[in-house]
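Okay, structure first, notes after.
Values quoted throughout were computed directly from the atomic coordinates according to the rules given, and no laboratory measurement underlies them. Keep in mind the model is a prediction, meaning the values are calculated, not measured. FYI the Cβ positions are ideal-geometry reconstructions off the backbone, even for glycines, and counts take in every protein chain you see.
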Amino acid sequence: MRRYVALARMQARVVLAYRVDYLNGLIGLVLQVFLLAVVWRTVYGHRDSVDGVPLATMLAYVTLASVQSWLFNPWVFTLIPERVREGRVGVDLVRPVGFVSQVVAAQVGRTAATAPFALAALPFGVLLSGMAAPASPAAAVGYVVSLAAGYAVTTLLSVVFGLITFWTMEIGGIFIIYRMVAQFLSGALIPLWFMPGPVRTVAQLLPFQAVTYTPTAIYLGRLGAGSAVLAIGVQCAWVLVLALLTRLVWSRALHRVVVQGG
Amino acid sequence: MVERIRRGLRVWAALARAGLRTELQYRANFVFGILGGLALQGAGLAVIGTILARFQTIGGWTLPELMLLYGMRLTSHGLWTLPCSNLMVIDTAVREAEFDRYLTRPVSPFVQLITRRLPVTTISDLAGGLAILGVALATTHLHWTPARLLLLVSALVGGALIELSGQTAIAGLAFRMLSTTSLKFTLDDVFNTFGNYPTKIFGPAARWALTVVLPLAFASYFPATVLLDRTGELWIPVWLACLAPAVGAALFVAAYRFWRGQLRHYASSGH
């Protein structure tokens with residue numbers, strides 16, 4: 001365990017060394033929250049509620065989902081692509097800790113160091129869009145559990161896709177496509193309840209909604225107790241499936257290792 | 001003058017070919033780079049389309065109208081990024097004293113900077129923008145006159161010049177500030193975030209800020225309201241909205257002069 005903490009701490013330091021970049025990212029996040037809030041207020045017009053969703057709930061959704069999504073979907077697929085491209089993966093492989101575990105520990109470290117930046121964006125979100133208390137004490141508990149499961153899903157997805165680098169070396173374009181699709185289908189921009197039928201079905205069948213939509217909908221009480229438990233069950237199933245997939249892909253990737261400049 | 005422009009274009013075309021050859025060395029990556037660019041720009045349109053599937057209009061603007069605005073904005077964006085996005089790397093060029101070279105050669109340092117490497121994948125902005133614009137023009141059923149066509153074409157160039165002016169002015173600051181990354185990305189963020197929606201929805205304060213302080217509204221929104229006969233919602237006179245492309249040209253001249261002026265403050269990082 002100590003080894004993993006050390007790896008996580010190392011990555012956290014990297015984030016703090018580049019804190020100016022993260023502060024810039026915050027400006028983008030705040031602008032996006034403002035934009036979404038304006039758009040929802042505009043389309044609601046004089047109505048207080050659309051399809052049973054009050055405007056206040058929608059505005060709280062914008063704040064929560066945007067900040068969470070910013071924290072959970074960084075602009076990289078974990079460390080894998082850069083380690084492979086620069087040939088440093090050779091060093092990683094001789095360490096007495098599994099490669100995938102190292103990557104996950106590093107990712108957790110990164111997220112932990114980025115979290116204060118996300119928290120700093122929260123007041124702006126509250127001011128520009130809106131915020132609500134958890135729908136009930138049970139919703140608050142469900143939110144915390146669901147948020148943890150959502151983080152596991154996004155991290156595992158990021159590892160699986162990052163491992164593609166072992167085959168392709170470069171991954172820039174693939175990453176952008178992945179990120180845009182993941183952001184959209186996770187409900188970070190539009191909640192699933194406002195998606196047209198077919199799009200919603202696609203979103204429900206894929207793991208991305210487990211990352212942002214599920215925790216936020218539970219927090220706001222949009223998923224009742226029964227559906228919330230079911231949704232958390234779905235999240236856990238995805239964690240299991242993705243963990244198995246990671247093992248499978250990794251066992252193949254290991255045979256494809258090319259250490260550049262090594 | 002004509003000879004100089006022709007020579008400039010020849011140099012640019014040679015660099016474009018070289019850039020394309022470089023990119024094609026990594027063919028799969030090149031293709032994914034372009035697809036990635038399309039995904040990045042398409043995502044914004046997907047959001048608008050999804051919202052409209054439930055809400056019909058945003059601030060009274062229908063999907064074809066919003067697509068016209070989106071297509072104009074993205075085309076303008078592509079028109080500045082394809083030839084000039086190297087402006088974004090001026091920090092490196094200044095810090096690593098690359099400018100020493102530019103100052104000794106008989107071509108404008110500005111042209112040398114923007115042609116330092118051709119970012120071929122930004123073609124996706126232009127291609128995506130034109131495709132969206134094409135669909136919008138086919139679905140809006142506008143009554144086209146030569147004057148309107150002229151406004152559309154000049155607005156595309158004018159929009160590119162407005163964004164380019166902002167980036168040029170910031171690039172001018174690089175000679176003294178050395179690090180302008182935050183400013184550049186913030187400006188890019190503001191354009192990409194607010195440029196695709198009718199400026200009027202942002203409320204009075206932001207509306208005026210985007211007209212006077214950071215004249216983003218002149219890029220695509222004002223000309224689009226004229227083309228779509230929506231000038232009733234404007235907070236500036238209609239003739240000014242028609243002159244939006246000229247505003248772009250004037251801003252670029254001012255920004256370029258500022259950049260040239262700041263060049264005097266360039267201090268080589270020493271050898």
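The listed residues are B:194, B:218, and the only one of them that is without any contact (Cβ under 8 Å) to a residue 40 or more places away in the chain and hydrophobic (A, V, I, L, M, F, W, C) turns out to be B:194.
Against the numbered list (1) crowded, with 18+ Cβ neighbours inside 10 Å; (2) assigned to a helix (DSSP H, G or I), residue B:240 comes up short only at (1).
Taken over segment A:53-80, the residue count meeting the criterion of being part of a loop (DSSP other than H, G, I, E, B) and either crowded, with 17+ Cβ neighbours inside 10 Å or within 13 Å of chain B (Cβ to nearest Cβ) (or both) is 6.
Restricting B:1, B:72 to those that are free of Cβ contacts under 8 Å to residues at least 60 places away in the same chain and of a type in the set (A, V, I, L, M, F, W, C) reduces the list to B:1.
Checking each residue in segment B:191-219 for being under 18 Å from residue B:75 (Cα atoms) and among the small types (Gly, Ala, Ser) picks out B:195, B:217, B:219.
For segment A:28-52, the set of residues classified as part of a loop (DSSP other than H, G, I, E, B) and farther than 12 Å from residue B:58 by Cα consists of A:46, A:47, A:48, A:51, A:52, listed by residue number. Being of a type in the set (Ser, Thr, Tyr), facing chain A (nearest Cβ under 7 Å) and free of Cβ contacts under 8 Å to residues at least 40 places away in the same chain is a condition met by at least one residue of segment B:48-55. Scanning segment B:202-220 for residues that are crowded, with 18+ Cβ neighbours inside 10 Å and more than 14 Å from every other protein chain (Cβ to nearest Cβ), we see that the one that is nearest to the chain's Cα centre (by Cα) is B:219.
Restricting attention to segment A:211-227, the residues that are crowded, with 17+ Cβ neighbours inside 10 Å and either in contact with a His (Cβ under 7 Å, 6 or more places away or on another chain) or farther than 20 Å from residue A:59 by Cα (or both) add up to 0.
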